[in-house]
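*Asks:* First the structure, then my questions, so here it is.
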Amino acid sequence: MAKFKKTAKGKSSASTAQAKLEDVSRSIVDSAQQIWQAGMGAFNRAQAEGSKLFEALVREGATLEQKTRKMATGKVDVVREAVETRVDQARERATDTWDRLEKVFEDRVQRALNKLGVPGREEIQSLTDRIEVLTDAVRKLNGEKPAAKKATKKAASKPATKKAASKKSTAKKATAKKSARKTTAKKAAAKKATAAS
C-alpha cells in the first residue's frame, strides 16, 4: 500500500506539472497571438495614418517653400539693387579716370609737339587772325575793299568764352596791326626806292 500511495502521488504530481505546462504554453500562445494582433493593428494604423502624415508633411513643405521664396525674392531684389549701384559707381569712376587719363595724354602730346616746334590750336588761330589783318592791310594799300570777317567756329560755338577770346584777339590784332604797319612802311619804302631808281 505504501507503494500505491507513492505512485498515486507521483501520478498526481505529474498531472499537476503537466497542467502547469499546459497553462504556461497556453499563456505563451495567447501572448504570441496578442503580440501578433498588436503588430497587425500597428501596421494597419501606420498605413492609414501614414498617408495622412505624408499629406500633412507635404502641406508643411509647400508652406515653408513659399515663405523661403518670398524671403529669397526680397533678398535677391536687395542684392540686385546693391550690385547695380556698385556697377554704376564703378562705371562713373572708370569714366572719370578715363577722362583724366585722356586729359593727361592730350597735355603730354601738346607739350611734345610744342617741344618739336609744332604750333598748337591757339597759335594757329593767332596766326590765322594775323594773316587776315595783314590781308586787309594789303587790300587797303592796293585800294581794294577789305573782305568781311568770318565768324570763327570757336567764338560761335562758345559764347561764354567770347569775352576772353575777344580780349585775346584784340591784343593779337593790335600786335598784328603794328606788324602790318611796319611791313607796309617797309613795302612803301621799297616801292619808293625802286621808283626813284
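*Asks:* Applying the Karplus parametrisation 6.51 cos²θ - 1.76 cosθ + 1.60 with θ = phi - 60° to the phi angles of region 138-144, what ³J(HN,Hα) value in whole Hz is obtained for each residue in order, glycine and proline being reported as x?
*Replies:* Computed from phi, the couplings for region 138-144 are 5, 5, 4, 5, 7, x, 8 Hz.
*Asks:* How large is ³J(HN,Hα), in whole Hz, for each residue of region 24-32 in order, when computed from phi with the Karplus curve 6.51 cos²θ - 1.76 cosθ + 1.60 and θ = phi - 60°, using x for Gly and Pro?
*Replies:* 5, 5, 5, 5, 5, 5, 4, 5, 5
*Asks:* Still on this model: Tell me, what HN-Hα J-couplings in whole Hz come from the Karplus equation 6.51 cos²θ - 1.76 cosθ + 1.60 at θ = phi - 60° for each residue of region 107-123, using x for Gly and Pro?
*Replies:* 4, 5, 5, 5, 5, 5, 5, 4, 5, 7, x, 7, x, x, 4, 5, 5
*Asks:* What spacing in nm lies between the two simple spin-label points modelled at ARG139 and GLU122, each 7 Å away from Cα in the Cβ direction?
*Replies:* 2.9 nm
*Asks:* Given C-alpha coordinates of region 16-118, what is the ratio Rg to Rh with the Kirkwood estimate of Rh?
*Replies:* For region 16-118, the value is 1.84.
*Asks:* May I pose another question? Set the Förster radius R0 to 45 Å, insert the Cβ-Cβ distance between VAL24 and PHE54 as r into 1/(1 + (r/R0)^6), and round the FRET efficiency to 0.05.
*Replies:* So, using R0 = 45 Å, E works out to roughly 0.55.
Where a number appears in this text, it was derived from the coordinates with a stated rule and is not lab data. Just so we're clear, the structure is a prediction, and the values are computed from it rather than from any experiment. Positions of Cβ are backbone-derived with ideal geometry, glycine not excepted, and every protein chain shown enters the neighbour counts.
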